[in-house]
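Okay, so here's the structure we're looking at.
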Amino acid sequence: MSRIGKKAIVIPDKVKVTVNGQAVKVEGPKGKLSLKLAKGIKAEVKGGEVLVQRPDDSTGARSLHGLTRTLVNNAVFGVTTGWERQLEINGVGFKAEKKGTGFVFTLGYSHQINFVPPAGITVDVQKEGKLILVKGSDKELVGSTASKIRSFRVPDPYKAYGIKYVEETV
């Protein structure tokens, strides 16, 4: 048995988890998420907990058991607490500004970069345009949005100019 896969996921009070065949839907105060289970993996809700099970000990089922449990757990955590990534802008004259529904990045290029965050993601700019907070309930979408913002100006290893994650060391 997978050590991670056999752990039960405790469902908080304000969260509703429904399993319909291979589809799992999670609803909570921060939003709604749904995910499709891998072939052969089953999930069931019992007494305020979600249990993820595999039918046999085949290599494919074993490798997906812990992953599926983690994905369901991430969805439960996302609709209760939410996910957040912090990015830091370093460089003379480099900054981000909120304009309407989107953002304008000034990053030392001959042009400014316009960015509109995807639905379900909130982006905040703090510390005079030097700190960016990306928040949302879907962990994958938060991470990919933060990665896209970072790709506008990847940090230079010699001068450390660019956009980097707060916990990242250049």
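The values are calculated or read from the model by the stated rules, or taken from the named source; none is laboratory data. Since the model is a prediction, treat every value here as computed from it, not as a measurement. Cβ coordinates were reconstructed from backbone atoms using ideal geometry, including for glycine residues, and neighbour counts include every protein chain displayed. With ligands, DNA and RNA removed, areas are computed over all heavy atoms of the protein, side chains included. Shrake-Rupley method; radii C 1.70, N 1.55, O 1.52, S 1.80 Å.
For VAL142, the criteria (1) under 30 Å from LEU33 (Cβ atoms); (2) in contact (Cβ under 8 Å) with a residue 24 or more places away in the chain; (3) not in a helix (DSSP H, G or I) hold in every case but one, which is (3). Is it the case, given these coordinates, that ALA23 is surrounded by 12 or more Cβ atoms within 10 Å (Cβ to Cβ), aliphatic (A, V, I, L, M) and touching a residue at least 24 places away in the same chain (Cβ under 8 Å)? Considered against the rule, which asks whether it is surrounded by 12 or more Cβ atoms within 10 Å (Cβ to Cβ), aliphatic (A, V, I, L, M) and touching a residue at least 24 places away in the same chain (Cβ under 8 Å), ALA23 comes out as no.
The residues on offer are LYS164, LYS98, and the sole one that is assigned to a strand (DSSP E or B), out of contact with any Phe, Trp or Tyr (no Cβ under 9 Å at 6 or more places or on another chain) and buried (at least 18 other Cβ atoms within 10 Å of the Cβ) is LYS164. Every test in (1) out of contact with any Phe, Trp or Tyr (no Cβ under 8 Å at 6 or more places or on another chain); (2) over 30 Å from LYS39 (Cα atoms); (3) at pLDDT below 95 is passed by ILE132 save one, and that test is (3).
Among the criteria (1) more than 16 Å from the chain's Cα centre (by Cα); (2) at negative phi, the one GLY108 does not fulfil is (2).
Can you tell me which residue in region 15-36 is farthest from LYS139 (Cα to Cα), limited to those that are in contact with a strand residue (DSSP E or B) (Cβ under 6 Å, 6 or more places away or on another chain) and in a loop (DSSP other than H, G, I, E, B)? It comes out as GLN22.
Residue count for region 73-85, restricted to those that are assigned to a strand (DSSP E or B), in contact with a Phe, Trp or Tyr (Cβ under 8 Å, 6 or more places away or on another chain) and open to solvent by 70 Å² or more (accessible area, probe 1.4 Å): 1. Residue under question is ARG85, and the condition is that it be touching a residue at least 40 places away in the same chain (Cβ under 8 Å), closer than 30 Å to ILE11 by Cα and under 23 Å from the mean Cα position of the chain (by Cα); does it hold? Criteria met by ARG85. Summed over region 28-60, the residues that are surrounded by fewer than 16 Cβ atoms within 10 Å (Cβ to Cβ), under 22 Å from the mean Cα position of the chain (by Cα) and not small (Gly, Ala, Ser) give a count of 3. Looking at PRO155, PRO118, just one residue is within 29 Å of LEU71 (Cα to Cα), open to solvent by less than 60 Å² (accessible area, probe 1.4 Å) and in a loop (DSSP other than H, G, I, E, B), and that residue is PRO118.
In region 111-138, the residues that are aromatic (Phe, Trp, Tyr) reach residues that are open to solvent by 50 Å² or more (accessible area, probe 1.4 Å) with C-beta atoms within less than 9 angstrom, at least six apart or across chains, in these pairs: PHE115/LYS148.
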